[in-house]
Amino acid sequence: MNGPLFRHTFRSNAIKLLLVGAGLALMGVIMPVMFAAFGKEVGAFVQSVPLLDQLSDFGEADFFTLSGSVAAGFTHPFTLLLLGIIAVAFPALAIAGERDKGTLEVTLSRPISRNGLLLTLFLAGLIFIGILVAVLMVSSIITTYAVGLGHELQLANTVQLWLVAWLLFAAFMSLTFAVSVGSDRAAPAFGIPATIILLSYLVWAIASIWPDVRWLGEYTVFHLVKAQETLDDGPATADVLILLGLSVVFMGIALYRFPRRDLPAPS
């Protein structure tokens with residue numbers, strides 16, 4: 001790891017982290033407050049209408065229990081968008097974006113290896129994601145206690161959900177690094193992983209509310225999170241290992257490819 005680069009990466013992303021963190025904190029507040037305000041009443045009505053009851057399972061969270069509401073905050077499209085700024089945009093711009101601007105060679109002319117650069121950026125990204133998911137988790141916990149429902153929340157399982165969500169977005173970041181090291185332009189380095197993630201999310205979301213295709217959702221990476229199940233019973237060890245394995249494989253590809261590729265002059 002390169003200390004000066006590590007510190008520079010934090011300084012240059014500070015404002016972005018603050019803005020994303022504020023959005024996630026807001027999400028952590030909204031979901032428990034909505035449940036406390038009218039979750040049980042609306043849930044009773046929705047469950048009395050079969051079609052509405054089916055649609056309420058969007059994202060494998062029921063919205064009408066405390067654990068379901070908090071879990072929904074971790075898998076909500078807004079959360080995916082905010083964390084995607086770090087998990088996808090950060091690695092895409094840090095490698096391919098710098099290559100696109102012609103400044104990557106300047107960085108590599110300093111006493112740092114290519115893999116040293118990559119590992120420093122990866123470590124910084126892991127910390128970014130860990131902090132941001134923690135902001136969502138802590139704001140959810142504080143709000144749950146503030147509305148008088150803290151006794152219903154299992155804190156140990158909430159921390160485990162933080163771990164699973166962190167591993168999920170770490171896998172997305174690793175995928176983007178694997179694409180970014182082979183690209184000379186920021187657009188494909190961002191667009192390819194973003195498209196893969198978005199398609200996976202859409203399949204998972206549709207499968208969660210459409211019983212006939214529910215089996216498709218089991219083949220998406222989002223199914224490994226099982227946010228509500230994790231809050232209720234803890235995560236499945238196999239899911240955690242698969243998410244960890246994805247990060248290892250994608251970063252292994254990035255670490256293999258990056259030192260071996262040419263860096264042609266930007267056109």
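What the table shows:
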read-out: Check on Gly39, under 28 Å from Tyr219 (Cα atoms), among the small types (Gly, Ala, Ser) and at pLDDT below 85; value: no
read-out: Contacts under 7 angstrom Cβ, first residue in region 85-114 being closer than 20 Å to Leu18 by Cβ, partner among the aromatic types (Phe, Trp, Tyr), 6 or more apart; value: Ile86/Phe128; Ala87/Phe169; Ala87/Phe172; Val88/Phe172; Val88/Phe190; Ala89/Phe190; Phe90/Phe128; Pro91/Phe177
read-out: Test: residue in region 130-143 that is modelled with pLDDT under 90, within 25 Å of Leu26 (Cβ to Cβ) and in contact with a Pro (Cβ under 9 Å, 6 or more places away or on another chain); value: no
read-out: Val164 being surrounded by fewer than 16 Cβ atoms within 10 Å (Cβ to Cβ), in contact with a helix residue (DSSP H, G or I) (Cβ under 9 Å, 6 or more places away or on another chain) and in a helix (DSSP H, G or I); value: no
read-out: Every residue from region 197-215 that is of a type outside the set (Gly, Ala, Ser) and farther than 23 Å from Leu175 by Cα; value: Ile206, Ile209, Trp210, Pro211, Asp212, Val213, Arg214, Trp215
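Matching residues to (1) in contact with a helix residue (DSSP H, G or I) (Cβ under 8 Å, 6 or more places away or on another chain); (2) closer than 30 Å to Glu152 by Cα:
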residue: Thr75; (1), (2): yes, yes
residue: Leu83; (1), (2): yes, yes
residue: Val88; (1), (2): yes, no
residue: Ala92; (1), (2): yes, no
residue: Ile95; (1), (2): yes, no
residue: Thr103; (1), (2): no, no
residue: Pro111; (1), (2): no, no
residue: Leu117; (1), (2): yes, no
residue: Gly130; (1), (2): yes, yes
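The values are calculated or read from the model by the stated rules, or taken from the named source; none is laboratory data. Just so it is clear, the structure is predicted and the values come from calculations on it, not from any experiment. Backbone-built Cβ (ideal geometry, glycine too); neighbour counts: all protein chains shown.
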